[in-house]
Amino acid sequence: MMITVKDLHKSFGKNEVLKGIDLEVKEQEVVCVIGPSGSGKSTLLRCLNLLEEVTSGDVFIENDNLTDKKVNINEIRSRVGMVFQHFNLFPHMTVLENITLGPIKIKGVKKDDAIKAAMPLLEKVGLEDKAEMYPESLSGGQKQRVAIARSLAMEPKIMLFDEPTSALDPELVGDVLAVMKNLAKEGMTMVVVTHEMGFAREMGDRVIFMDEGIIMEEDTPDVIFGNPTNPRTKEFLSKVL
Amino acid sequence: MEAFLESHYVRVMPFLLEGLVYTLLITGVGLFFGFILGAIVGLARLSKNKIIYVLSSIYVEALRGTPILAQILFIYFGLPDLLGFNIDKITASIIAIAVNAGAYIAEIVRGAVYSIDKGQNEAGRSIGLTRGQTMRYIIWPQAFRRMIPPLGNQFVISLKDTSLFSVIAVGEMLYMGQQYYGITFAAFEALTMVCLMYLAITVPTALYLRKVERRLDV
Ligand SMILES: Nc1ncnc2c1ncn2[C@@H]1O[C@H](COP(=O)(O)OP(=O)(O)OP(=O)(O)O)[C@@H](O)[C@H]1O
Ligand SMILES: [Mg+2]
């Protein structure tokens, strides 16, 4: 298993946001998470690399338990890439510097080697000509593709995506989804929180419907989108489709 | 022309230039240490550790809540009583600027670091950078740019504050001006020149800062 979540609870003060999540993600699997706003999708994703501290339960990345105080969380995070809704590129660095920072500072790769390794990544996301640009001069879609390349530079085994396209103009969504589809085809293990039902249907090995802090239903995209059993899933899908 | 060269406006200048050296020395060295102190205390003010937070807050509030004149007298006359040895005037002045400006700079640092989008920290941590690395490579460089205008402002304030050290007879610019009119009774001319000398530094600084600020805005 790449990811194992056992009875995960997360509260913010008195507000319990995750109420017992169990989840397993296999190697090379693409799991899409859908559900209404406020259902805890982002919180779940953020617990998977401990950007949020978990209140109780266990999260394993491969065989390492994140809730164990002795684990080296920084090392585990470098195995888990994360792509945010608002990109979060480093605005004071060029595209190339954004991508090479991690390899240089964390893995101790030499600058020249890091740049050599970064160029194919930029090609992969279709931005090889933007290497020396600063993020402010890129479109949203380009920024998000740089953010993906930045994560990939750490050679992660898992990629987490939190609504990677919802801050984008509609005409820019396609380029980002195309990059994600390629990643999935190459066998990257991915957990994708998304409102793009088309992507979930086409690329998801499994779709998870979350509501009110629990997993209401999970199944193949065919079942979830074609013949969901849970009334809440039906209701949600009737609104968004 | 000759009359002008013979006038007090000109004859006070050697005094003021000698004073200027000390004014700039105290301001420069004081702010250098003040910035280090301010950076440490400013980051401490953002700490989740209660003790660190409380201690740094006490420092900031104590120094911002008391007049710098009382602070210099405390350092120069008060502390030696406690320590059992004297502190020379220049050192006392530098310490006064450092600890006083340090408190204000701490607030500048805290505000600038706090103003950086939380997503920057999360992005840094999520690629595997430690807390320290994220601060050093991602948060601090962005925050520092936002600190430049208020730091420049603090420079102007501290520069003017050094004039208060004339009370302990530090030979800074205002004190040297006073020395001159003490002998010559040309108070109007001497003090006019003292003020012009301060303005010669503070006005260009302010103009420059406004330019920097405009550039950071876009
Ligand atoms: N840092 C936080 N502090 C307090 N409450 C939080 C925090 N983060 C999230 N919450 C709360 O947790 C709940 C779930 O939030 P979360 O962001 O996980 O939802 P979501 O499913 O991702 O929604 P959306 O589709 O709008 O992104 C919300 O009620 C939110 O207000
Ligand atoms: Mg969310």
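Axis of helix A:95-105 versus longest Cα principal axis of chain A: the two differ by about 80°, to the nearest ten degrees. Once both labels are positioned 7 Å from their Cα atoms along Cα-to-Cβ, the gap between B:Arg131 and A:Glu186 label points is 3.4 nm. Scanning chain B for long hydrophobic helices, with DSSP H runs required to stretch 15 angstrom or more by C-alpha along their axis and to average at least -0.5 on the Kyte-Doolittle scale, returns B:13-44, B:50-64, B:89-115, B:140-161, B:173-184, B:187-217. Computed from label points 7 Å out along Cα-Cβ, the spacing between A:Asp205 and B:Ile52 is 4.2 nm.
Computed from Cα atoms, the angle from the helix A:231-240 axis to the main principal axis of chain A rounds to 40 degrees.
In chain B, the C-alpha radius of gyration followed by the widest Cα-Cα span (Dmax) gives 21.0, 73 angstrom.
Between A:Ser137 and A:Lys111, what FRET efficiency comes out of the Förster formula 1/(1 + (r/R0)^6) with R0 = 22 Å and r the beta carbon distance, rounded to 0.05? Don't jump to the answer; show the numbers that get you there.
Details: r = 23 Å, r/R0 = 1.05.
Given R0 = 22 Å and the Cβ-Cβ separation, E is 0.45.
Once the Kirkwood radius over Cα pairs is known for the stretch B:72-134, the Stokes-Einstein relation at 10 °C and 1.306 mPa s delivers a diffusion coefficient of 107 µm²/s.
Taking 18 Å as the cut-off, the amide N atoms of the stretch B:177-218 that come nearer than this to a point 7 Å along the Cα-to-beta-carbon line of B:Phe144 belong to B:212-213, B:216.
Sorting the Cα pairs of the stretch B:141-197 by distance into bins of 10 Å, from 0 upward, gives 22, 38, 21, 14, 6, 1 percent per bin. Across the protein assembly as shown, Cα-Cα pairs farther apart than 39 Å form 42% of the total.
Chains A and B: buried accessible surface, both sides, probe 1.4 Å, rounded to 100 Å²?
Protein heavy atoms only, the A-B interface buries about 1700 Å².
Taken about its Cα centre, the protein assembly as shown carries a charge dipole of about 660 debye when Lys and Arg each add +1 at the Cβ and Asp and Glu each add -1 at the Cβ. A Förster distance of 51 Å, applied to the separation of the beta-carbon atoms of B:Thr202 and A:Val240, puts the FRET efficiency at 0.25. Taking a point 7 Å out from the Cα of A:Asp169 in the direction of its Cβ, the residues of the stretch A:123-148 whose backbone N falls within less than 15 Å of it are A:137-144.
The heavy atoms of B:Thr66 offer some 60 square angstrom of accessible surface to a 1.4 angstrom probe.
Heavy-atom accessible surface of B:Ile36, to the nearest 10 Å², is about 80 Å², with a 1.4 Å probe and all protein chains retained. If only the Cβ of Lys and Arg carry +1 and only the Cβ of Asp and Glu carry -1, the dipole of the stretch A:112-167 around its Cα centre is close to 160 debye. A prolate overall shape is assigned to the stretch A:10-162, the ratio a/c of its alpha-carbon gyration tensor axes (a ≥ b ≥ c) being 1.5 or greater and a/b exceeding b/c. The accessible area of B:Thr27, taken with all protein chains in place and a 1.4 Å probe, comes to roughly 0 Å². In order along the stretch A:145-156, the phi-based Karplus estimate (6.51 cos²θ - 1.76 cosθ + 1.60, θ = phi - 60°) of 3J(HN,Hα) comes to 6, 4, 4, 5, 4, 4, 5, 5, 4, 7, 6, x Hz; Gly and Pro are listed as x.
Interface residues of the stretch A:58-96, defined as those with an accessible-area decrease of at least 20 Å² between the chain by itself and the complete set of protein chains (probe 1.4 Å), are A:Asn74, A:Arg77, A:Phe84, A:Asn88, A:Phe90, A:Pro91, A:His92.
The values are calculated or read from the model by the stated rules, or taken from the named source; none is laboratory data. Note that this is a predicted model, so its numbers are computed, not measured. Heads up, the Cβs are rebuilt from the backbone with ideal geometry, glycines too, and the neighbour counts pull from every protein chain shown. We work out accessible area using only protein heavy atoms, side chains counted, and drop any ligands, DNA or RNA first. Shrake-Rupley method; radii C 1.70, N 1.55, O 1.52, S 1.80 Å.
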